[in-house]
1. Over its Cα atoms, what ratio of radius of gyration to 2.2 N^0.38 Å does the range A:567-634 give?
2. Compute the normalised compactness of the range A:29-73: alpha-carbon radius of gyration over 2.2 N^0.38 Å, N being the residue count.
3. Could you compute how fast the range A:523-597 diffuses translationally, taking Rh as the Kirkwood radius over C-alpha pairs and applying Stokes-Einstein at 4 °C with viscosity 1.567 mPa s? Give it in µm² per second.
4. Which residues belonging to the range A:594-632 lose at least 40 Å² of 1.4 Å-probe accessible area when the assembly is complete, relative to their chain isolated?
5. For the range A:586-740, what's the relative contact order in percent, using C-alpha pairs closer than 8 Å and at least 6 residues apart?
6. Work out the mean other chain Cβ neighbour count within 10 Å for the residues of A:776-786 and drop it here as an integer.
7. Given the protein chains as shown and a 1.4 Å probe, how many square angstrom of B:L523 are accessible, to the nearest 10?
8. Give me the tail of P(r) for the range B:379-495 as a percent: Cα-Cα pairs with distance above 19 Å.
Amino acid sequence: MGKPPKKRNLADKVRKAKTVTEIKNNPFEVKINRKKFDVLGRKTKHDVGLPGVSRSKAITKRKETLLKEYRQKNKTSKIIDRRLGEYDSKMAPEDKILQRFAMERQRSHDKKDMYNLNEEEELTHYGQSLAEIEQLNDAVGSDDETEEKGLLSAELTASHFGGGGLLRKKTSGEQKDEDGGQRAKSRQELIEELIQKSKQEKRERQVQKEEAQELTEKLDQEWKSIQALMVKKTSTGDQADKPQDKQKLEEYDMMVRELGFEMKAQPSEKMKTPEEIAREEREKLQKLEAERLRRMMGEEEVRDVAQRQSQTHMSADDLNDGFILDKNDQQTLSYDDGKWNITGASEEEEEDDGDEEPGDSGEEAQSDAEEDEEEVDAEEEEEGEEEQEDEDISDDEEEREDGHSDLESEQSDAEDEAPQEEAKPKKILSKEELKAQQDAAKAELPYTFAAPESYNDLKDLLRGHTSENQRLIVARTQKCNHPSLAAGNKLKLQKLFGFLLDYIGDLATKTPPDLATADKLIPELYGLCQMFPDTACKSLQRILGDAAHGMEEVLEDKGYAPLPTLDMLIYLKLTAQFFPTSDFRHPVTTPALLYISQALTKCPVRSLQDVTVGLVLGCLAVEYISFSKRFLPELVNFLLGILHVAVKDKKSLGYNVVPPFRGIGKHCDLLVLSDPAACNSWSKRAMPLSAVQHLELSSEVDKDHHRLSCLSTCLDLVKRCSLFYKDLPSYADIFRPFKTLLSNHLPVQMLPEVLHALHSDILEAISSATVTRAPLVFEKKKPIPLKLLTPKIVEILDYGKKRGSTREEKERERLKHKYKKEFKGALREIRKDSRFLAREKLNDVMTKDSERKRKVKELLGSLASQEGDWKALKRKKRK
Amino acid sequence: MAPAKKRNVSSEIVDRKCVKNNKMDPDSVVKEILESKKHANDVFDLLEMLQSHKEKQAINAINACSKLFCTLLERKDLHCGTLPDEEEALRGEYTAQQKYEIFMCHRYNSCKEIIFEHLDHEEHSVKESALCCLMRFAESEGQHPLEDLDWSEHYSFPKELIQLLVGRLLSQTTDNALLLSRFQEYLEMGDVRFYVMGAIRDSVTKVMMRNKGMPLPVYQNNVFSLMSNISMPSNESELCTFMITQETKHEDWKATKLNEHRRAFEKMWLCFLKYKLPPSMYKRVLVIMHDSILPHMSKPTLMIDFLTAAYDVGGAISLLALNGLFVLIHQHNLDYPDFYKKLYNLLEPSVFHVKYRARFFHLANVFLSSSHLPVYLVVAFAKRLARLALTAPPTALLIVLPFIYNLIRRHPSCRVLIHRPTSQDDLVEDPYKMDEEDPAKSCALESSLWEIKTLQEHYHPEVSKTAKLINTPLPQQEDDIDELLEITAFELMERDLKAPSAKTIPLEFETATQLLKGGGDVLQEHFCLDLL
């Protein structure tokens, strides 16, 4: 048993001596695993094994780990190496050495140098004192050195970089030879000599330097005199010369850097001709229209989001490079706390432009402003009317801008410092005066505004301004806080939208309502809405939800609710303007329409004012469905109810009215004329929206006129509805009550002449509609396709693996397999370990035994020899 | 003797107080009266206080009186049996004790009178304490009866007192709803309930007879609120709380028998409904009819007359009567001729707008769930509902459309309404006659549901989607109507408001420039911003 391990050990030793290639080439070492199939192109790891090598590796490893542990077993004491970083494998060995050294030094320092004050250690670098090197450093700075020995002399490099050891050796060797003779000189003397030498050298260098200085100055002066001849301009004084040089250098540097960092010119898109732009816009509109239609049908499709978002108006001069004029580009006049701000930059610009005509600069500024305006508002020119209005607005602006630029150019025409002087007294002006000025001239409206943080801020901002100015303020606030200018601006503008909505609501609830201002603010709100659809959606949803909730509560309480107030009507109108009303389902317009329908069904009509509100709602409802032509039963019911209210004789009705109206009872004669003669003096006029909130009709004639207005509006709405619903299969059933009512109870003769046409139109439309009623049939089913018999081709990606199982099963299989393998491996390892240990134990026992044997033998031997000696002695004695 | 001393001291203090304030503490007066018969005449002070106009004083006096007379009843210090006249008693041959008893009994009666007056007091708190006091008297009287009981069939229940009380409570001039709701807690007790029911019947008969059957809204309102407060026990075991427990033959007492209770309940209601009611009262009765009246009657069929009359009234009252009728038809085998024809004629545009819409559709769903109905009837119903749907709000449409679909599913022969592949030529007129009252003659079978086709164009997406279901064969599974019945417009709106918003919200691309512009400029045509 003892033999084989010994042998192996020997073999190991031999093997260790050999290199790997040697082992691999040795056919006795290599075991080749037999392959069952030879697969082309497959690479296997395990075709060749080196059992000897691996076995010896395993044995050494065990010796290092297992054997050590075994030997340490049952031993309580052990030796721990406490040297710094001994067990820290992360620490680099050099670091280890360094730190140990440092610690050593510290320890010795603490012990010895406690009371040692003077004797400081000299810091060295490659054996040279650092102090000396510093001295040398001075010498390097001087120009002399370069003259004497080239820039990269051996000394220099040595002193600077510590290199050049070879060269230095030589010199030191020479020195040694030189010094060899004068060994007698003491160290003190030697040092003194050295010092003297160095001082002398220093002095010489000083002198040389001064000389050079003088020479260069002389040269400079001479050059200047020549320069004066060459260039007309008188150069500045000597003293100013140097800083200027420096400045020049900086300027130059800046130029270089600027050029380096400047964006490289990029190919821009071709300038578009007006025709092209027009065509593109038309195409865009067509696309939007198509999309609207698709949404109306309620088909859900994946749409490209980007296209919708990036719809901004492009002017003919737009290079489409995302360049937006912001306040830095535009010369602006601004107020800071009610005081004028005129920046120096703008003055300079004005100065440059001073030669040109004042009007030009004004026009430029104005055109800039216009562009800006257009971009922000994302205006699209569609109809002639709108264009006209746009022009009006811009004309307005033009005037304002012109006035302003005149003012500015006048200032700039004055002397350089004049504007500053002018500005100063203005700062002193009292606030009231400023206010007066603001009121006096539009031109003095500030150009920059901070975005309001709260609703009250906005109110303060807009208070006391005319409606046009309020619009301008909002527009400018919006421009100054464009999201592209700063990070927080987006949030500010989103807030602004909410505040503006509230503001409009407030305007509408005022008595009398300030609708003109609300009207002016619409484009701004629209712009904001286009920018932040989500916020707009949330705000309007909140308003609608609150209103509907309020109505619901009142309904539960009383069973009926009052008609919505003017602000709600305005919100409904805004909803229709900001969001498409034709969508099959829309997060804002669908609830809005539901709200309208709820109001039309649940709110009883009890006064002329209610009738007016109802008609506004009716108009809104008609607008909501004007594009999609959807069926709105509540609207039809309501219009019928309104007409019913105008019928004088309520007996033998051929139709049913739907709640909230009642066939007979109170409030059923609201629109019946008190005096039929009022028909003659009445002419069709638009009713004021404020009538919704407060209707004051003093005389009976006025009341009758209002009644007639309501009636005409109602008839018009009926007419529109009858046109919308012409194609519905139940058209006749829907409009039959109208027919009976108009022909039997409210005949033409009872109406003023203006309404005759309307009346007859409606009746004609109703009777002329001939909807053919095809019996209903289910839609034809799509034929179910036959089963396809072509083979299904599945790509097999992993050969030799089990197929047909799910991924989880596969994973399970894999893990099972792995576990088995690991388990086997561990078992094998444990067996090997125990075998190894047993072997070692046996070894121990054997060595112990042999030792004992040897000792016994020795003892026996010595005893035998002793015995022998003794016997021999005995024999001798006997003899 | 310490307590006696104390008492003396306290009474002295009270006396002094009386002298000082010229105002007496009713509690101390009561104490004195109870203490000795000497102070018996202080009762007059108490009665005086009782008539005080001050709210607080009156309440205190009421409480004191209740304490005094309850104690006296307990001590049996009140005269028992027929009460002689006061003067007579003084003259008559009675012992001092008997004289005292007669005297006190007279005071007790006058006290009751005053407290009954207080039931009409302006202050609710006074009314309430008066009511409580009277009930306490009733309780005490019940336990310590003032009459000989041997020949009284009502055992020891103070029937007269309760009758008077009920008569007072059912005022013809003031609405006593609050007081009646307070009274409800006494109605929990079986005997009180029983005798109150009897008292109500008497009162109603008397008052209505006097008024010659004309409706008295306030009175009837009071009666109704008292009657609707009565909660009947559903079985004998629940009948266990009593105000007065009879010592002898308790089991034989009428008030302990559920059957007697039911009979009394039934008589009471029939008596009430016999007279003409105001319309709002009609509705209120009909609303509670099916679950709090019919189940507690001993013979529910007696309600048939009332319900059929209500069903013939029309409008909302008919809708409500349906529920009671349904119970009778379903559980009591009522055969109602032309029931479906009437139901058919109940379908009017207002059906979708009234408060009881959910109840109506629930019942209609039950009535039309039978598979034995003739096809013409079901088709007529479907067609009529569809026609009415043209005027309905979206919440109602979401009920009606599944309702119609369910009808078609249950009666497969109705499918012609939405699928008629055989006929070739298109019709010009709808063959259905809306004005025909008889569903059999309405020609609904020859028609199609074009109305639903129309509603496919409805503005609300969900209605439109539901309406579009008729384009394809309907799925077999019936829709559950009950889930949809209670939906409100606001809930419908919230579906859109609360829905997780889409990635991008579509925006209007036509630029808004003016308030009144856009959407066909309808608003601009008829309205302007200002008077100018």
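The values are calculated or read from the model by the stated rules, or taken from the named source; none is laboratory data. The model shown is predicted, which means the values in this text are computed figures rather than measured ones. Glycine gets a Cβ as well: all are built from the backbone with ideal geometry, and neighbour counts include every protein chain shown. Please note that ligands, DNA and RNA were not included when accessible areas were found on the heavy atoms of the full protein model with its side chains. Shrake-Rupley method; radii C 1.70, N 1.55, O 1.52, S 1.80 Å.
1. My calculation over the Cα atoms of the range A:567-634 gives 1.07.
2. Numbers: Rg = 16.9 Å, N = 45, 2.2 N^0.38 = 9.3 Å.
So the Cα radius of gyration is 1.81 times the expected 2.2 N^0.38 Å.
3. Values: Rh = 13.0 Å.
D, rounded to a whole number, is 100 µm²/s.
4. Those are A:L594, A:C619, A:E623, A:R630, A:F631, which lose 40 Å² or more relative to the chain on its own.
5. Dividing the mean separation by the residue count of the range A:586-740 yields 31 percent.
6. 4
7. 10 Å²
8. Details: 3184 of 6786 pairs.
Summing the P(r) tail past 19 Å for the range B:379-495 gives 47 percent.
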